[in-house]
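Just so it is clear, none of the values below were taken in a lab; they were calculated from the coordinates. What you see is a predicted model; the values in this text were computed from it and never measured. Quick reminder, even Gly has a Cβ in these numbers, built from the backbone with ideal geometry, and neighbours come from all protein chains shown.
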Amino acid sequence: LALVNTHGLVQVLEVGVSEQAVYLVMEYVKGHTLKDYLQHKPLPSLNTRLQWFEELTKALQAVHELGLLHLDLKTSNVMIRETDNSVALLDFGLETHLLVDAGFMREDEIYCTPYYVSPERIMGDVPDERADLYALGVILYEMLIGQKPYESRSLEELLKKHAIAPIPRLPAQYAHYQPLLDKLLAKFPESRIQSAAEVVELLHEQRLQPF
């Protein structure tokens, strides 16, 4: 509940564990998910998408500074508030922690969406903040292009693409963002950007932010 007033995160009203379930009570966020916005054409303006990306990155930074991992970062877990068009990040890792603490899930189990899973998690390595940053890179590509960087109807093929397929090249109009994408989607975590704070710094250094 200490997370209630953290900017960019949905407010948590109550958490609990029963014999059969783990539950979270969160504020009702009026608006649409980022996934909804990216499924409709035309996409929102580039400035709007970059603003949302920076807000999402700062929200993820807050999660990590609180000692949590999200581990299920995806566009359907990001709400755009109808009131002020700002980002509200859902879940932010509390659900996974509660499931592990309550014995409903093992700490080494993968709990995520395959489209956003990092290569090291596929290999069974213990995740850290850099696994969330990989998912953030998937979202960056999705926000720029309107589709995911790796897609397949086969789960096995999809996971293989995350593990060994080349990082996709952005079209010319978005080539300025390729270095950032490369640093987020690096196959090895030690080659990746090491923190959400670094992503924010890079956004400002490259003047990617719209304001």
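The packing ranking, built from the mean of other Cβ atoms within 10 Å per residue, places the peptides 187-200, 125-138, 169-182 in the order 125-138, 187-200, 169-182, highest first.
In terms of its C-alpha gyration tensor, the stretch 149-207 comes out oblate, because a/c is 1.5 or above while a/b does not outweigh b/c. Computing FRET efficiency as 1/(1 + (r/R0)^6) for E82 and E205, where r is the C-beta to C-beta distance and R0 is 35 Å, gives about 0.60.
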